[in-house]
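Undergrad: Quick one: the structure is below, and I'll ask about it shortly.
Bear in mind that the values in this text are calculations on the coordinates, not laboratory data. Computed from a predicted structure; not experimentally measured. Neighbour counts are summed over all protein chains in view; Cβ atoms, including those assigned to glycine, are modelled from backbone coordinates with ideal geometry.
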């Protein structure tokens, strides 16, 4: 039995459906389908809907680290939004207990007209931190970003890579009970990414529960202890990272995962 104080996530037969009221607006339907994925069906009121998630049952408790794999539009991001409370299930039940930090888009909650320092505070508030908590972390975040005097400049003067650094600094400074992470890490140089990986790993260790949607098997192997393959809005398979990646992507990908897992295990042993 889960202690009431501990974070947990339970979904039972949860569906997320988006109604398309007018079947004549085919171009809109096509455009939406391209973004949302999922199958077209009809709900109980006979309205045409996109079934973005279908019959999802899962149970996550303290210490669970789940990596989501699947092609674009398979339903990974929709599942994260269901678990964060952005979407309500249209059928079934989703219960989430604990302080949730949804990190779907590193740029969300940032204002281009104000300085990097001010954005650190605002982004922290967006992620559920208090102003006092963020003020205590500003110096350490500033040091991590290596942005120096740029932190006094408006965000609109930053390159994409600089914005990612700032966002990563804030995101990896928080202490969430439930961390929902949609990978948006790419526009940074390799050295910084290595540094960010260390902080991401520390963030994951501080989190009670992690659900991480990623196309990087390396990240999944480093940060997660199980995986779930989402396909056309359903859970196609869940289990160990290596076996799920093998089923989804084949033997070469699974071998790479195994190598990373072994390397990570050696690092922890030392």
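Undergrad: Once R0 is set to 22 Å, what does the formula 1/(1 + (r/R0)^6) return for the Cβ-Cβ distance between residue 93 and residue 206, expressed as a FRET efficiency to the nearest 0.05?
TA: Computed FRET efficiency for residue 93 and residue 206: 0.15.
Undergrad: At a threshold of 8 angstrom on Cα-Cα distance, excluding pairs fewer than six apart, so keeping six or more, what relative contact order does the range 102-175 reach in percent?
TA: Reported relative contact order: 43 percent.
Undergrad: Okay, moving on. Sorted by packing (mean other beta-carbon atoms within 10 Å per residue), highest first, where do 67-77, 142-152 land?
TA: With the highest mean Cβ count within 10 Å placed first, the list reads 67-77, 142-152.
Undergrad: What distance in nm lies between label points placed 7 Å from Cα along the C-beta direction at residue 125 and residue 252?
TA: Once both label points are built, they end up 4.9 nm from each other.
Undergrad: At 0.36 nm per residue, and after removing the present C-alpha to C-alpha distance, how many nm does the segment from residue 259 to residue 55 gain when stretched out fully?
TA: So the extension gain works out to 70.0 nm.
Undergrad: Next up: 222 nm [θ] for the chain, helices only, -39500 (n - 2.57) per DSSP H run of 4+, per residue, to 500?
TA: That calculation yields -12500 deg cm²/dmol at 222 nm.
Undergrad: Further, regarding this structure: Can you tell me, using C-alpha contacts under 8 Å and at least 6 residues apart, the relative contact order of the chain as a whole percent?
TA: Over the chain, the number comes to 23 percent.
Undergrad: In terms of the Cα gyration tensor, with a ≥ b ≥ c the square roots of its eigenvalues, is the range 119-180 rounded because a/c is under 1.5, prolate because a/b exceeds b/c, or oblate?
TA: prolate
Undergrad: If you don't mind, there's one more thing I want to ask. Taking Cα centroids, how far is the range 153-186 from the range 211-267 in Å?
TA: So the separation of the two Cα centres works out to 24 Å.
Undergrad: Among (1) 13.1; (2) 16.7; (3) 20.1, only one was calculated for this model; which label is it, if the read-out is mean projected area of the Cα convex hull in nm²?
TA: (2)
Undergrad: For residue 18 and residue 72, what is the calculated FRET efficiency with R₀ set at 22 Å and r taken between the beta-carbons, to the nearest 0.05?
TA: Rounded to the nearest 0.05, the efficiency is 0.85.
Undergrad: Okay, next question. Report, in degrees rounded to the nearest 10, the 0 to 90 angle that the Cα long axis of helix 116-126 makes with the longest principal axis of the chain.
TA: 40
Undergrad: Now for a different question. Can you tell me the 0 to 90 degree angle between the C-alpha axis of helix 190-206 and the longest principal axis of the chain, rounded to 10?
TA: Approximately 70 degrees, to the nearest 10.
Undergrad: Could you give the nm distance between label points at residue 197 and residue 156, where each point is 7 Å from its Cα heading toward the beta carbon?
TA: 3.7
Undergrad: So if we plug the beta-carbon distance of residue 45 and residue 146 into 1/(1 + (r/R0)^6) with R0 = 45 Å, what FRET efficiency do we get, rounded to 0.05?
TA: 0.25
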